[in-house]
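Right, one structure below, let's go through it.
What follows draws every value from the coordinates through simple rules; no lab data is involved. The shown structure was predicted, so the numbers you read here are calculated from the model rather than taken from an experiment. FYI the Cβ positions are ideal-geometry reconstructions off the backbone, even for glycines, and counts take in every protein chain you see.
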Ligand code: APR
């Protein structure tokens, strides 16, 4: 399937459909939980394919934070273990029903912003995002998608953050949604 592509500040931004754990980019983003404990969805897939080293690094991060969980919107980084990606950026999306729509939107935007800030700090140049919060955390994809695209666009135009950014979609419906939104915001 031909992927939709746009260029923002020398970064190629594309929509791709499939399993994020197969992507050989500098960093893939995990839709994690506050304790970085692993789980189902994209989190489960990343830990399964990446192997136990990722969970060990996650546990070390939680210990270093004085056994404090992450807040919605925060992001941290581990290596990629056995994954084709070199690093995993773990970010915690908002649980949709726990916030007002405005608060949820701010937290979701923070996930994308903080993940890209980590990417820059580490000197990495390519990244793939899943649809953070749009599975178990219940964020309607048609609300989450414009926020994801807008935040990424703002960050890329401000920071020249990377060379390649992939919106990794799992379902055909999300693929269409992101493709349309990318064209709309271009
Ligand atoms: N590759 C890409 N996208 C995937 C994959 C995969 N292998 N598996 C699932 N997805 C998609 C889902 O279709 C959904 O659109 O990722 C999106 C996010 O869904 P979840 O993984 O459920 O993430 P989220 O809604 O943020 O919920 C996080 O789920 O597994 C737990 O530990 C995790 O508690 C945390 C919660």
Residue 171 paired with residue 86, simple spin-label distance in nm, labels 7 Å along Cα-to-beta-carbon: 3.5
Between 0 and 90°, nearest 10: helix 172-185 axis offset from the chain longest Cα axis: 60
DSSP beta bridge pairing in the chain, given as percent antiparallel to the nearest 5: 35
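Take every Cα pair under 8 Å in the chain that's 6+ residues apart, average their separations, divide by the length, and report that relative contact order as a whole percent.
On the way: 368 pairs, mean separation 57.1, N = 186.
Relative contact order of the chain: 31 percent.
From the square roots a ≥ b ≥ c of the eigenvalues of the alpha-carbon gyration tensor of region 1-159, which class results: rounded (a/c under 1.5), prolate (a/b over b/c), or oblate? Before the final figure, lay out each step's value.
Values: a/c = 1.44, a/b = 1.13, b/c = 1.28.
The shape class here is rounded.
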Point-to-point label distance, residue 150-residue 79, nm (Cα→Cβ direction, 7 Å offset): 4.0
Region 116-186 - Rg and Dmax from Cα coordinates, angstrom: 12.4, 34
Whole-angstrom gap from region 83-141 to region 14-36, using each part's C-alpha centre: 10
FRET efficiency estimate (nearest 0.05) - Cβ-Cβ, residue 99 to residue 37, R0 22 angstrom: 0.55
Helix 101-121 axis, angle to the chain major axis (alpha carbon atoms, nearest 10°): 80
Rounded to 10°, Cα long-axis angle of helix 141-159 versus longest principal axis of the chain: 90
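Between residue 160 and residue 67, what's the calculated FRET efficiency when r is the beta-carbon distance and R0 is 41 Å? Round to 0.05.
Working: r = 37 Å, r/R0 = 0.90.
Given R0 = 41 Å and the Cβ-Cβ separation, E is 0.65.
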Helical contribution to [θ] at 222 nm, DSSP H n ≥ 4, -39,500 (n - 2.57), averaged over the chain, rounded to 500: -13500 deg cm²/dmol
